[in-house]
Amino acid sequence: MDLKSITGIGPKTILYLNKLGINDVDNLINYYPFRYNVLRPVNIYNYIDSDETITINARVISDLKLFFFRNKMSRLSFCIESNGKIMKTVLFNRHYLKDHLKLNQRIAVTGKYDKLTNQFVIQDICFTEINGEVITPVYHLVKGLKQKSIHSAILKAITNRNVEVVDNVPSYLVDRYKFINKSNALKIIHNPNSIQDLKMAKLRLIYEELFIFASKINYLKINNKKDNGLKRDISKKDLLNFIDTLPYLLTSDQIDAVWEIYEDLVSPKRMNRLLMGDVGSGKTIVSIIAMYLNYLGGYQSALMAPTEILATQHYENILKIVPPNIKVSLLTGKMTKKEKETLYDAINTGKIDIVVGTHALLNEKLTFNNLGLVVTDEQHRFGVNARKDLFNKGLKPDVLYTTATPIPRTYAMTIFGDMDTSVIKVKPGNRLPVITSVTNEENIKDVLMLVKKEIDLKHQVYIVAPSIDSEEVDDLNSVAILEEKYHKAFPNTKIGILHGKLKNTEKDKIIKDFMANKISILISTTVIEVGIDSPNATVMIVYNGERFGLSTLHQLRGRVGRSDLQSYCFIISKKKTERLEALEKSNDGFYIAEVDFKIRGEGDLFGTNQSGDMQFKLAQLSSDYKIFLQALKDSEEAINNNDETVNNIISSLKIIS
């Protein structure tokens, strides 16, 4: 239903709602508060902590005095009485409330009380006393939109008789768990009368979110069992001979992953495998071996990477490893139209065995001769549709997803329950653990001394900032600020700058110069999180570490320690938190993932903004995991029973098939 159809929601409000991604009534009623303000009046005599925000019922006992400052700010002051205690109050920049307050009026005020000055600094005011508790929802906003406006719009929508509420939980499950109905759950979550009611509504809506996701997982799992793939005749001897030609020994985990992939490729069942490994664990060589096996089976391979930097790196690594008779090509968006058309023709006629690229691989003009294997690197960075488009360029090709974002194994087996999983935990034997330290800018001198020592040894340094320009965010280090600081600290040292606003040609030159050791210090944003592999880099310094997710910090740390040289990671932060301490304790990405999952939930781990697979509004797998396990069982039951509700869910999903 169109937002215009709801009486009382005007064009201006609709414009603001659109900026929040709310484009229809269904979006609006399912736009949940991210927190609630709970007002529960207390007795002022029981109040001790002046830093605590409280609510009290009171009576206005004096005239109101209004004062304007030169900067147009205002102060409204008056006296109140609460439970027999008389105190002064002050309210800043709400001069328009003067006409709403009268002598002897009963009110409720929220704010902080200072015993020393006997003054109550008001943050919010209610023009009647509060009995019991008042729960007010708080929504994420855009500039120009007020809380009252969005709350009013939502209430108008959920009370409109013409608005249809879609319930995605089968009625027999609603009865089984004694859930409140969906319409009531929505009314309560947007306008709760009590904490108990709110808990019931949230449970109902959380279960629905997890049931929808579980239905998708179970459907894919069932579908994959029916899915026959391409059977290949590949000699084990040929595989062993290829492994013997590699310039280094494989780890035990790499060997296990290779044999798991081999068994998939020679079986009639289509491979649908997730290759999960920590940063620097050697997933790339396993992917290359998979593509070599696919070549021996007589099929083409496609490897899709999220960035041109990473795609180019994979292309160069493949050329070093595979025999020269295997034709490998790189396809990127910056190629000329003529270059692309020439390559398209070569791929279509089967002259290319392995093609590596970015989203350019999804171009509808590109067709394969006999695509047998699709590898998507850093799979969580691609949306479902992107992976589907590449998959559909072949006749049911085998699929290998890779990710350097470790996921707790228990959760991985559940979240990726439709896939087989290979895990690489053991790192190559010559790698030393990265020494990690969380510190603040006051101690930066010690860090800079180590940087000088490493540069004198001809080693290289990464510096990461949370923003590009100093104007972007207040009180943060930026690439521009750090460039100036490090030029002063190391005036005779070659410093490079890398960020997303540079042209591709500029980025390529900086990266090539760094890889060639023509640049000693590279100052960058998180664009270096994946894709730059310089064994000579030994120091990683991340500024404003408190602004980054734990998995991102671990990925950044993984840019160093990629050789037998001792490497260091310094996280510059205003305060040391439990999250950051986890990095000091361990280099194990799976341990880091467990900590991150428990503290922050699944957002960082799975890249929900990029993937489009798990954009939960209320559910958190870390805290709602038991509900998810039950939803998995329930959705499987519903699918087996051919339930109409779950069939509607499945038919609306964008599934690779």
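Here are the numbers for the structure shown:
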{"item": "Residue that is surrounded by the most Cβ atoms within 10 Å (Cβ to Cβ) [pool: residues in the range 249-289 that are in a loop (DSSP other than H, G, I, E, B) and of a type in the set (Ser, Thr, Tyr)]", "result": "281"}
{"item": "Test: residue in the range 1-12 that is hydrophobic (A, V, I, L, M, F, W, C) and touching a Lys or Arg at 6+ places or on another chain (Cβ under 9 Å)", "result": "yes"}
{"item": "Subset of the range 562-581 (residues that are at pLDDT 90 or above, surrounded by 18 or more Cβ atoms within 10 Å (Cβ to Cβ) and out of contact with any His (no Cβ under 9 Å at 6 or more places or on another chain))", "result": "568, 569, 570, 571, 572, 573, 580"}
{"item": "Residue match in the range 327-334 (condition: among the hydroxyl-bearing types (Ser, Thr, Tyr), surrounded by 20 or more Cβ atoms within 10 Å (Cβ to Cβ) and more than 25 Å from residue 434 (Cβ to Cβ))", "result": "yes"}
{"item": "Positions within the range 342-352 being of a type in the set (D, E, K, R) and touching a residue at least 24 places away in the same chain (Cβ under 8 Å), in sequence order", "result": "351"}
{"item": "Residue in the range 6-54 that is modelled with the lowest pLDDT, counting only those that are small (Gly, Ala, Ser) and over 23 Å from residue 107 (Cβ atoms)", "result": "8"}
{"item": "Enumeration of residues in the range 344-367 that are within 12 Å of residue 311 (Cα to Cα) and of a type in the set (A, V, I, L, M, F, W, C)", "result": "355, 356, 360, 361"}
{"item": "Some residue of the range 290-302 being part of a helix (DSSP H, G or I) and within 23 Å of the chain's Cα centre (by Cα)", "result": "no"}
{"item": "Single residue of the range 600-657 satisfying the filter (surrounded by fewer than 19 Cβ atoms within 10 Å (Cβ to Cβ) and at positive phi) that is modelled with the highest pLDDT", "result": "642"}
{"item": "First in the range 311-336 and without any contact (Cβ under 8 Å) to a residue 60 or more places away in the chain, second anywhere and small (Gly, Ala, Ser) and assigned to a helix (DSSP H, G or I), Cβ under 6 Å, 6 or more apart", "result": "331/360; 332/360; 333/360"}
{"item": "Close pairs (6 angstrom Cβ cut-off, 6 or more residues apart or separate chains): more than 20 Å from residue 515 (Cβ to Cβ) in the range 455-468, of a type in the set (A, V, I, L, M) and not in a helix (DSSP H, G or I) anywhere", "result": "466/476; 467/473; 467/476"}
{"item": "Selection count where residues are surrounded by fewer than 19 Cβ atoms within 10 Å (Cβ to Cβ) and either closer than 17 Å to residue 293 by Cα or in contact with a Leu (Cβ under 8 Å, 6 or more places away or on another chain) (or both), scope the range 349-361", "result": "1"}
{"item": "Of the criteria (1) touching a helix residue (DSSP H, G or I) at 6+ places or on another chain (Cβ under 9 Å); (2) in a helix (DSSP H, G or I); (3) within 15 Å of residue 16 (Cβ to Cβ); (4) free of Cβ contacts under 8 Å to residues at least 12 places away in the same chain, which one residue 174 fails", "result": "(3)"}
{"item": "Filter pass, residue 44 being of a type in the set (Val, Ile, Thr) and in contact with a Ser or Thr (Cβ under 6 Å, 6 or more places away or on another chain)", "result": "yes"}
{"item": "Residue within the range 124-145 that is modelled with pLDDT under 95, closer than 30 Å to residue 91 by Cβ and in contact with a Gly (Cβ under 9 Å, 6 or more places away or on another chain) present", "result": "yes"}
{"item": "Checking residue 195 against (1) under 16 Å from residue 166 (Cα atoms); (2) surrounded by fewer than 18 Cβ atoms within 10 Å (Cβ to Cβ); (3) in contact (Cβ under 8 Å) with a residue 60 or more places away in the chain; (4) of a type outside the set (Phe, Trp, Tyr), the condition it does not meet", "result": "(1)"}
{"item": "Residues of the range 491-504 satisfying the condition of being under 28 Å from the mean Cα position of the chain (by Cα) and surrounded by fewer than 18 Cβ atoms within 10 Å (Cβ to Cβ)", "result": "500, 501, 502, 503, 504"}
{"item": "Condition check for residue 161: closer than 19 Å to residue 2 by Cα and out of contact with any helix residue (DSSP H, G or I) (no Cβ under 8 Å at 6 or more places or on another chain)", "result": "yes"}
{"item": "Positions within the range 309-326 being surrounded by fewer than 16 Cβ atoms within 10 Å (Cβ to Cβ) and either in contact with a Ser or Thr (Cβ under 7 Å, 6 or more places away or on another chain) or closer than 13 Å to residue 285 by Cβ (or both), in sequence order", "result": "320"}
{"item": "Residue within the range 365-387 that is at pLDDT below 85, of a type in the set (S, T, N, Q) and surrounded by fewer than 22 Cβ atoms within 10 Å (Cβ to Cβ) present", "result": "yes"}
{"item": "Lone qualifier among 106, 161, 176 - being at pLDDT below 90 and either small (Gly, Ala, Ser) or surrounded by fewer than 14 Cβ atoms within 10 Å (Cβ to Cβ) (or both)", "result": "161"}
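The values are calculated or read from the model by the stated rules, or taken from the named source; none is laboratory data. Note that the coordinates shown come from a computational prediction; the quantities given were computed from them, not determined experimentally. Glycine also receives a Cβ, built like all others from the backbone with ideal geometry; neighbour counts cover every protein chain displayed.
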